[in-house]
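Derivation of every value follows stated rules applied to the coordinates shown; laboratory data play no part. Keep in mind it's a predicted model, so treat the numbers as computed, not measured. Please note: Cβ atoms are built from the backbone with ideal geometry, for glycine as well, and neighbour counts cover all protein chains shown.
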Amino acid sequence: MPRKPKQPAEIALWRFAMLASRSSLSPPDWERFYGFISVAARYQVGWDHHEVARRLTEFGFSKELARELGEIYWHGRCVLFVQGRHYSFGSYDYGKWLSKHGIPLT
């Protein structure tokens, strides 16, 4: 099991992973996971959904659940990015605001 990290987003993901039920996520689990997404966005962490899934499997999550949470992470990052830019549908080109790794550029 990885040690407790020192960076804010790593701490938030670690906290989620240490407290989460791996069989059925509870409302507090989701709150911690969404908090992790918010922290990752605030600190402009350059992780894509694959990196989040990899880290979660290291914390003992099944590959399937880790993959699903990685995708939820990615969608959350996109929502926060688009909300922060106040885009309306059709007014942006994904290629212009995503890096080659799929991370929103700020």
If you build the Cα gyration tensor of segment 8-97 and take the root of 5 times each eigenvalue, what three semi-axes come out, in whole angstrom, biggest first? 25, 13, 12
Roughly how many nanometres apart are two label points built 7 Å out from the Cα toward the Cβ at residue 54 and residue 26? 3.2 nm
How would you rank 65-72, 21-28, highest first, on the average number of other Cβ atoms within 10 Å across their residues? 65-72, 21-28
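Please give the contour-minus-distance gain from residue 6 to residue 80: 0.36 nm per residue of separation, less the Cα-Cα distance, rounded to one decimal in nm. All intermediate terms of the calculation are to be shown ahead of the outcome.
Working: separation 74, 0.36 × 74 = 26.64 nm, distance 2.37 nm.
Contour length minus Cα-Cα distance gives 24.3 nm.
Please give the per residue volume of the convex hull enclosing the alpha carbon atoms of segment 8-59, rounded to a whole number of Å³.
Dividing the Cα hull volume of segment 8-59 by its residue count gives 69 Å³.
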